[in-house]
Structure formats: structure tokens, C-alpha cells
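Undergrad: After the C-alpha cells below, expect a handful of questions from me.
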Amino acid sequence: MDSVFILNSLLLGVGMAMDAFSVSMANALHEPDMSKRKMAGIAGVYAAFQYAMPMIGWICVHTVTEKFTAFQKFIPWIALALLLYIGGKMLVEALKERKAKEEDMVRPSLTLKALLVQGIATSIDALSVGFTIAGYTAGLANMAGLIIAVVTFVICCIGLFIGRKAGKHLSWKASVLGGCILIGIGIEIFLKGIL
């Protein structure tokens, strides 16, 4: 393992973590009173998906490349549908919240189901990273995946802290912003995947 491998893995991790960073920030904007333990759990879920997806891609390249290539064209559509659903739901909740009295309002917190859907949506395009690391041995692919996961965890924690800080000042507007961010990420992944 040399410095070029580590640098490439770090840069891959930063690039792949940007969607998860934005979604983390959106979640914290929506739920500004989120505990640090929950924040670590959210970042951990995103990191786990960012580790798993390139590894699944690597396995596909080494086993069922033909089938994976056929599936790859659906990745942008899946990410778009998932993020439009989650972002739209967040927008609807924000508009309901706006109508409610501020002191009577209780924001629903992020559920495990929603978190897992977000994890898949923000990392599904990382399946194609399996092609990037296809030349690696299993050990090196695993090490690259771990580096990507650590980078993702750190970047998501930063996004969560930024979102939490801003969310406390923005009230229901934070949920609108968060929903718009999720929808925007879905559209960006979709356009990047089809162009």
C-alpha cells in the first residue's frame, strides 16, 4: 500500500461523500435538537453504505459483470425516486409545521427506515466505483472501502453539525431547505447518471 493508493482512496471518499454530506445537513436542519449519539449513528449508516456499495460493485465486476452493466442504467432512476420521495415528504411536513403554532409543534425525527433509504439513495451510484477499483486485490479493495467509509463518516459528521447549528435558527424553513436539498441531490444524481 503506497501513498498514491491512499491519496486516491481519500479523494474517492471525498467525492463519494458529498451526497451523504448534503443529506446529513438536510437531516440536521430538519431535526436541530438531534443528539450527538444519533448524529454518530447517522454518519455511521452512511459510512457503512459507502463502504458496502463499492465492494458490491467490485464483487460484481469479478463475478457477474454482464448483469451488473445491464442494471447500472437504472441506478440514476432509483436514486431520483428515493430522494424525491424523502425530500417531498420533508417539504410536506415543513408546510404542515408552518401552519402549526411554533410552541405546539413537534418535528418528527428521522426514522431508521428513512435513514436506510437515504443511505441507499446516496450511495447507490458508488456501485460503479467497483469498476474503478476492479484492478485491486480483495485486500486492497477492502482497504479502499474502509478509507472511503472513514472519510464519509467524518464528512457526514461535519454536515450534521452545520445543519444542526443552522436548523436551530431557521425553524420550519430549515425543513423546506432540507427537502429542497434532497430533491436537488436526487436530480443531480439522475442527470449525472443519464448524461
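Undergrad: Looking at segment 132-149, which of the residues that are crowded, with 16+ Cβ neighbours inside 10 Å, over 14 Å from the mean Cα position of the chain (by Cα) and of a type in the set (Val, Ile, Thr) is nearest to Gln50 (Cα to Cα)?
TA: Ile147
Undergrad: Please verify whether segment 37-50 includes one or more residues that are of a type in the set (Gly, Ala, Ser), modelled with pLDDT of 90 or more and outside any helix (DSSP H, G or I).
TA: Scanning segment 37-50, I find no residue that is of a type in the set (Gly, Ala, Ser), modelled with pLDDT of 90 or more and outside any helix (DSSP H, G or I), so the answer is no.
Undergrad: Applying the selection to segment 1-30, what residues are at pLDDT below 85 and in a loop (DSSP other than H, G, I, E, B)?
TA: Met1, the sole residue that qualifies.
Undergrad: Do the conditions hold for Gly159, that is, is it farther than 15 Å from Met18 by Cβ, buried (at least 23 other Cβ atoms within 10 Å of the Cβ) and at pLDDT below 95?
TA: When the stated conditions are applied, Gly159 does not pass them.
Undergrad: Moving on. Hey, any hits in segment 89-106 for a residue that's modelled with pLDDT of 70 or more and under 16 Å from Ser123 (Cβ atoms)?
TA: no
The values are calculated or read from the model by the stated rules, or taken from the named source; none is laboratory data. Everything quoted here is computed from the prediction, not taken from an experiment. Cβ coordinates were reconstructed from backbone atoms using ideal geometry, including for glycine residues, and neighbour counts include every protein chain displayed.
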